[in-house]
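Novice: The structure that follows is given in the form of structure tokens.
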Amino acid sequence: MHRLLSCLILLATLLALPAPASAERIRDLGAFQGVRSNQLTGYGIVVGLSGTGDDNLEYLTQAMRGVSGRFGLQLPPGVSPGLKNAAAVMITADLPAFAKPGQRIDITVSTIGKAKSLRGGALVMAPLYGADGQIYAMAQGSLAVGGLGVSGADGSQVTVNVPTVGRISGGASVERAVTTGFNDSEVLRWNLFDADFLTGTRVRDAINAVYPGTASLEDGVTLALFLPYGADARASRMAEIEMLTVEPAQSRAKVIVNSRTATVVINSAVRLSPAAISHGKLVVRVDEDPRVVQPEPFSRGTTETEQSSDIQIEEGAHFVNFQPGASLAELVDALNMLGVTPSDLVAILEALKLAGALNAEIEVI
């Protein structure tokens, strides 16, 4: 607890020091609309497993019938074969912006049934679909699995990492390109990662200072950019714009509380209005000192243990005043002086917020 509060004090001291203006590249503050990756998903079969696949799984059996049917092999109707050497899997991948047919992308393969491990398996050719239901890539290849699962005859099991998920580097071939309208749209839009009117205004001014009349602000996130037509000229202008530097606006005053780990993070913008905090602790201490009582000589008594209890109650309280505009460093110093635990710190911050003395947003995650 004291180590955590000491770290908070060090962080507060560093944040309280005057910091020089920090300029960021525009490419680190946002991205061009449409220039992004797209998610692909698919369903397939992994074969060649050493008895660690699914067993008589209905949808796996149907999938195997479909795979074998493509090669002219018809399984007998009504037969549900044991398929411990195969597993039904879901395939996921990200299709990068401007990916062209023939390029390779990485894929992740995960079991959806009771298969124990995909180690040593190979994915049979499977299509990958986009959100529009179109096929954008075809996946196939041998899996690289980082996990390991071992079971004994007596039922004991040992599992290292996750053996039911594997990856194939370059395991899918792009079959269709995504249309972005990059080189022929009249207006190309650029979006901030975090909505902020001041940052958006500064980005607009920085762009117009170099390329007058190019940028206009649509809202707190989006800038409309009027760029020259043609892929070559437009790409060059976009590259130059991304490398311009802008000083972003200071972030909002915010306190982040992780309720599961009792971690509290306070940024440097947090300020306090006039407030007073009283933090009291009631300590109850019970000491047991049993004594052995011996019977008198020549008596018929027996040796007994006599209980002796000492109960003490200590109550201590601390009271701290805050002046207007108290900073993060002063807040953490005061809370450390009170000797609060992380859970007490959360309670104090919530009470300050309710009292209107903490000018910050509290977010619990």
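Bear in mind that the values in this text are calculations on the coordinates, not laboratory data. Bear in mind the structure is a predicted one, so any value in this text is a computation, not a measurement. Every residue, glycine as well, gets a Cβ built from its backbone with ideal geometry; the counts of neighbours run over all protein chains shown.
Novice: Which order do peptides 345-356, 102-113 fall in by mean Cβ count within 10 Å, highest first?
Specialist: Peptide ranking by packing, descending: 102-113, 345-356.
Novice: Another one. Using 0.36 nm per residue, how much length does the chain from Ile365 to Ser169 gain when fully extended, once their Cα-Cα distance is taken away?
Specialist: 67.1 nm is the gain from fully extending Ile365 to Ser169.
Novice: Can you give me the distance in nm between label points at Asp132 and Thr179, each placed 7 Å from the Cα along the Cα-to-Cβ direction?
Specialist: 0.6 nm
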